[in-house]
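Just below is one structure, and these are the notes that go with it.
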Amino acid sequence: MTTPFLNGDNNTYKSVVWPGLTLTRHERHLLLQSSTPMDSLSSSIHGGGMSKIDRIANIYVDRFYECSHPEKDVEKLFQEWDYPLESTAGLLTAVRLEYTSVLEENGEDASVFCCTTAGVSNGARAGSERTTFPVYQPGTINIMLMIDARMTQAAMVNAVITAVEAKAAALADLGIRDAENGLIATGTTTDAIVLGVSQSFSYPIEHRYCGTATDLGAAIGRVVYGTVKESLGAARVSQP
């Protein structure tokens, strides 16, 4: 089952496939929260790497954001909002929050929830010659991928690979180009992802693989592909 989440009047969305998983929209950020801790693998500016989390904040900053100390900026906001630093992952995005998309799927051996904010003003093709910078910038395609299942760490890495492939496929099908060289973009220069896994024993198996030939990998591909396309479509519709 898939469920879109765009421009609704209700600022709280409760997952239909993962009991206790909620997404709330605040003035400046999205908060995705689980009622139980999750194993996480992420590239988030705060709480990145392998960690144990129970919430993720995707924080809006405008395109003129001065990003000399993003980690400190995120920590300051978490303290202001009373979010625990040790169990909260933090992302920064220059994409307006009304362009958020959510899709989820229910399966026998796993359930998948994906929330994406996407923009492509800095579309880029990995592997091509282009200008690079040694600095941090707020994310343009931020993916929060939640999997209610048992997974090995290797499978979690595999899930991220599959998600990135799906993102690249969506950009290719939309004809998104590298802003510098005109080649088909595989992402943007500032993409980020947070993967959260419940490790719930309510499912009968532990996933050791998560490529596109697996049921779980196929579900990940569908929800990531769908949310990237929907979020970008919403942004395009709103532009004059």
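The values are calculated or read from the model by the stated rules, or taken from the named source; none is laboratory data. Predicted model only: the values in this text are computed from it and were never measured. Here Cβ is always computed from backbone atoms with ideal geometry, including for glycine, and neighbour counts include all displayed protein chains. Note: accessible area is taken over every heavy atom of the protein model, side chains too, but ligands, DNA and RNA are not part of it. Shrake-Rupley method; radii C 1.70, N 1.55, O 1.52, S 1.80 Å.
Among the residues of the stretch 163-198, those that are part of a helix (DSSP H, G or I) and either charged (D, E, K, R) or surrounded by fewer than 22 Cβ atoms within 10 Å (Cβ to Cβ) (or both) comprise Val164, Glu165, Lys167, Ala168, Ala169, Ala172, Asp173, Leu174.
Yes/no matrix, rows are residues, columns are (1) among the charged types (D, E, K, R); (2) touching a Phe, Trp or Tyr at 6+ places or on another chain (Cβ under 7 Å); (3) within 20 Å of Val224 (Cβ to Cβ):
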{"site": "Ile56", "(1), (2), (3)": "no, no, yes"}
{"site": "Glu66", "(1), (2), (3)": "yes, no, no"}
{"site": "Val74", "(1), (2), (3)": "no, no, no"}
{"site": "Leu85", "(1), (2), (3)": "no, yes, no"}
{"site": "Thr88", "(1), (2), (3)": "no, yes, no"}
{"site": "Asn106", "(1), (2), (3)": "no, no, yes"}
{"site": "Val112", "(1), (2), (3)": "no, no, yes"}
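Checking Ser40, Ser87, Ser35, Ser44 one by one, the residue that is among the small types (Gly, Ala, Ser) and either open to solvent by 30 Å² or more (accessible area, probe 1.4 Å) or over 19 Å from Met146 (Cβ atoms) (or both) is Ser35 and no other. Among the residues of this structure, Asn106 counts as one that is over 17 Å from Asn142 (Cβ atoms), surrounded by 13 or more Cβ atoms within 10 Å (Cβ to Cβ) and not aromatic (Phe, Trp, Tyr). Count of the stretch 212-225 residues, restricted to those that are touching a residue at least 40 places away in the same chain (Cβ under 8 Å) and either open to solvent by 20 Å² or more (accessible area, probe 1.4 Å) or hydroxyl-bearing (Ser, Thr, Tyr) (or both), is 4. Of all residue pairs spaced 6 or more apart or on separate chains, those with beta-carbon atoms under 7 Å, a first member in the stretch 157-183 that is among the hydroxyl-bearing types (Ser, Thr, Tyr) and a second member that is assigned to a helix (DSSP H, G or I) and at pLDDT 95 or above are Thr162/Gly217; Thr162/Ile220; Thr162/Gly221.
Conditions tested, residue by residue: (1) part of a strand (DSSP E or B); (2) over 15 Å from Thr116 (Cβ atoms); (3) free of Cβ contacts under 8 Å to residues at least 24 places away in the same chain.
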{"position": "Trp18", "(1), (2), (3)": "no, yes, no"}
{"position": "Gln33", "(1), (2), (3)": "yes, yes, yes"}
{"position": "Pro37", "(1), (2), (3)": "yes, yes, no"}
{"position": "Lys52", "(1), (2), (3)": "yes, yes, no"}
{"position": "Arg55", "(1), (2), (3)": "yes, yes, no"}
{"position": "Ser68", "(1), (2), (3)": "no, yes, yes"}
{"position": "Val74", "(1), (2), (3)": "no, yes, no"}
{"position": "Phe78", "(1), (2), (3)": "no, yes, no"}
{"position": "Val95", "(1), (2), (3)": "no, no, no"}
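When each of Ile147, Ile53 is tested for being crowded, with 22+ Cβ neighbours inside 10 Å, under 29 Å from Phe201 (Cβ atoms), over 13 Å from the mean Cα position of the chain (by Cα) and among the hydrophobic types (A, V, I, L, M, F, W, C), the lone residue that passes is Ile53. Quick one: which residue in Thr140, Thr93 is open to solvent by 10 Å² or more (accessible area, probe 1.4 Å), of a type in the set (Val, Ile, Thr) and touching a strand residue (DSSP E or B) at 6+ places or on another chain (Cβ under 8 Å)? Just one listed residue meets the conditions, Thr140. Can you say whether Ile184 is touching a helix residue (DSSP H, G or I) at 6+ places or on another chain (Cβ under 6 Å) and of a type outside the set (Gly, Ala, Ser), as far as the supplied structure shows? It is true that Ile184 is touching a helix residue (DSSP H, G or I) at 6+ places or on another chain (Cβ under 6 Å) and of a type outside the set (Gly, Ala, Ser).
Condition first: open to solvent by less than 50 Å² (accessible area, probe 1.4 Å), more than 20 Å from Phe201 (Cα to Cα) and either modelled with pLDDT of 95 or more or not in a strand (DSSP E or B) (or both). Now tell me which residues in the stretch 1-16 satisfy that. Residues satisfying the conditions are Thr3, Phe5, Gly8.
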